[in-house]
Amino acid sequence: MLKILGKIGLLVPALATATVWLVVLRLKNVPVPLLGAYGLLLIGLVAGLLWPGVLGRRVTRRRVLTFVGVPVGLGTLALYLTVVYHVKDLPMLLALAGAACLAGAVSALLRGRRRADDQGTRRTRRALLLGGAGLVLGMLSGLSIGPVERQRREMLARGEHERQAAMRAPGARRRITDGAVRVFPIHIGDTIVTYGQFYGGLDGWEGLNGYLRTLVDKAQIAVPVYAYLIDHPRHGPMLVDTGVNWEQAHDHDGYYDMTSRLLTERDEYRMSPGQDLRVHLARLGYDVKEITTVFLTHVHDDHAGGLRYLPQATVVMDRRDWKHGVLYPYSFDLVKDNLSFPAFDSGAFGTFPASQDYFGDGSLVLLPTPGHSPGHMCVLLRLDTGSVLFMGDTLYTLSHLATGQVRQMTIGGADTIRQLEAAQRIQQLLSSDPGVVPLFAHDNTRYQFDLVTSTFTDGTPGAAGLWELRRHMQTVLTPEWRLRPGHTPRFVAPASGPGLGKVEFR
Ligand SMILES: [Zn+2]
């Protein structure tokens, strides 16, 4: 009885570890047939070691180890090296190999001392060899730390070189100071997401089910990441969100720690030198060091990555996000002491039960919109001719305003309900004030690429520009927030083989 319990005690953690490892490999896009074969070998190994008799009377643990264990070991190493390995693992891998050698040496030494014959001498000799190898590997591990770091630094220096060139390219804008409030959309690269995660909220992409589907459904699209620069005559240059930073896009595995690296994809973000936040600001006539305040709609890394360049800025965000929503703390390393949490004590704002009139002059109002993250907020900015509403990730695109037809993946339960409440409040705000224009963080439609971009080229859209954007909204959405024909998103698979799909609107 005890023996069986002991075996079950071994079986459960072994299966749990194997499952996590298989999930990681699937996230890294290892094909399902390959994973199936590898998974069967893993099960065979575990079963064969725990109950060798089950597989036949001649099957011994030693044979299981040789015929199943060795292929599993080699396969694991090969899979790790192809989809997980990053050069910064090298010191750790050498140290692990060294430790294994030393453990082998100690065991051989202890067993060798028990015998005075030839075999004892052989074991002592083996112990010496293993011990020597262990020490050499340990030394190599220490020595490799320097070169590995140097290699990363060189790669980042190459990026710096490309960025400098992008900053100097012709066509930069001269800064105008005429007392107008200005807003500039900043396209900071793209992020690769599954189509269902972005558009499939009504087709079962919710809660655990949604996360499981990201493992199986690899229909992926690229969507833009937008931050916004505000130049305010009274309050100076400020940002709404900061996009991703250069390292996230170009040194993904080096930037993220082991766990995050295992659970995200290497090509999660894409960014050209010209899309770097610092380059964008320079070409608009601003220095990144001038930014006084960042309004962070939420903590997710595609919004907080650029904080690495803004150590001087006050970072305004909802306390609930800081307490419960931070996934990757290192993006905040340089601004941890500059965080400012609004009290949301300026009273109700339309249908929003709470708000924060941040400067006390009505120029910028923070509106809590939890759901996408525990402390998500939207930002309403008064322009000279109307207002803009920065959506963050409450609604990804203009078509997401049709909440009964298009929805992003939600966490489920109370969070999904909050997310929908926030969306309804936004609908009511837009319905009640035709002078408010929504600006999105990931809109991948013509609204963002053509209209918003051209309307805000100079930062000041004017009353006619804002009206034009609202008019376009009416061609996409009915007053009841339904999509008009020709605007329902649909996934179009890539013409051949794997790769990114496209979104078509029908
Ligand atoms: Zn986002």
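The values are calculated or read from the model by the stated rules, or taken from the named source; none is laboratory data. From a predicted model like this one, the values you see are computed outputs, not experimental measurements. Cβ placement follows ideal geometry from the backbone for every residue including glycine, while neighbour counts extend to all protein chains displayed.
Can you find even one residue in the stretch 262-271 that is in the same structural domain as A313 (by TED's automatic domain parsing) and in a helix (DSSP H, G or I)? Give the steps one after another, and end with the answer.
Step one: of the stretch 262-271, the residues in the same structural domain as A313 (by TED's automatic domain parsing) are 262-271.
Filter again for in a helix (DSSP H, G or I), leaving 262-263.
Yes, some residue in the stretch 262-271 is in the same structural domain as A313 (by TED's automatic domain parsing) and in a helix (DSSP H, G or I).
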> Counting only residues that are free of Cβ contacts under 8 Å to residues at least 24 places away in the same chain and either among the polar types (S, T, N, Q) or within 16 Å of the ligand (Cβ to nearest atom) (or both), how many does the stretch 441-486 have?
Replying inline: 6
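Filter the stretch 409-425 down to residues that are more than 16 Å from the ligand (Cβ to nearest atom) and of a type outside the set (S, T, N, Q), then give me how many there are. Full working, then the answer.
Kept after step one, since they are more than 16 Å from the ligand (Cβ to nearest atom), are these residues of the stretch 409-425: 412-414, 416-418, 420-421, 424-425.
Subset that is of a type outside the set (S, T, N, Q): 412-414, 417-418, 420-421, 425.
Total satisfying the criteria: 8.
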> Do we find that G404 is touching a residue at least 24 places away in the same chain (Cβ under 8 Å), closer than 19 Å to T488 by Cα and surrounded by fewer than 20 Cβ atoms within 10 Å (Cβ to Cβ) in this structure?
Replying inline: yes
> What residue, among those in the stretch 283-329 that are within 21 Å of the chain's Cα centre (by Cα) and aromatic (F, W, Y), is modelled with the lowest pLDDT?
Replying inline: Y328
>> Condition check: more than 21 Å from D231 (Cα to Cα), in a helix (DSSP H, G or I) and within 15 Å of the ligand (Cβ to nearest atom). Does D321 satisfy that?
In response: yes
> What about L334, is it surrounded by 15 or more Cβ atoms within 10 Å (Cβ to Cβ) and either under 19 Å from C378 (Cβ atoms) or in contact with an Asp or Glu (Cβ under 6 Å, 6 or more places away or on another chain) (or both)?
Replying inline: no
>> Could you go through the stretch 163-186 and let me know if any residue there is touching a residue at least 60 places away in the same chain (Cβ under 8 Å) and within 16 Å of the ligand (Cβ to nearest atom).
In response: yes
> Residues V288, V326, V315: which one is without any contact (Cβ under 8 Å) to a residue 40 or more places away in the chain and within 15 Å of the ligand (Cβ to nearest atom)?
Replying inline: V326
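Taking the residues in the stretch 217-232 that are farther than 30 Å from D458 by Cβ and either free of Cβ contacts under 8 Å to residues at least 24 places away in the same chain or within 16 Å of the ligand (Cβ to nearest atom) (or both) as candidates, determine which candidate is surrounded by the fewest Cβ atoms within 10 Å (Cβ to Cβ).
Restricting attention to the stretch 217-232, the residues satisfying the condition of being farther than 30 Å from D458 by Cβ are 217-221.
Cutting the leftovers down to either free of Cβ contacts under 8 Å to residues at least 24 places away in the same chain or within 16 Å of the ligand (Cβ to nearest atom) (or both) gives us 217, 220-221.
On the way: D217: 16, Q220: 22, I221: 21.
Checked the stretch 217-232; the qualifying residue surrounded by the fewest Cβ atoms within 10 Å (Cβ to Cβ) is D217.
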> Can you pull out the residues in the stretch 254-275 that are under 18 Å from D333 (Cβ atoms) and either of a type in the set (D, E, K, R) or surrounded by fewer than 19 Cβ atoms within 10 Å (Cβ to Cβ) (or both)?
Replying inline: G254, D257, M258, T259, S260, R261
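Can we say H280 is buried (at least 20 other Cβ atoms within 10 Å of the Cβ), within 16 Å of the ligand (Cβ to nearest atom) and either of a type in the set (G, A, S) or modelled with pLDDT of 95 or more (or both)?
Values: buried (at least 20 other Cβ atoms within 10 Å of the Cβ): yes; within 16 Å of the ligand (Cβ to nearest atom): no; either of a type in the set (G, A, S) or modelled with pLDDT of 95 or more (or both): yes.
It is false that H280 is buried (at least 20 other Cβ atoms within 10 Å of the Cβ), within 16 Å of the ligand (Cβ to nearest atom) and either of a type in the set (G, A, S) or modelled with pLDDT of 95 or more (or both).
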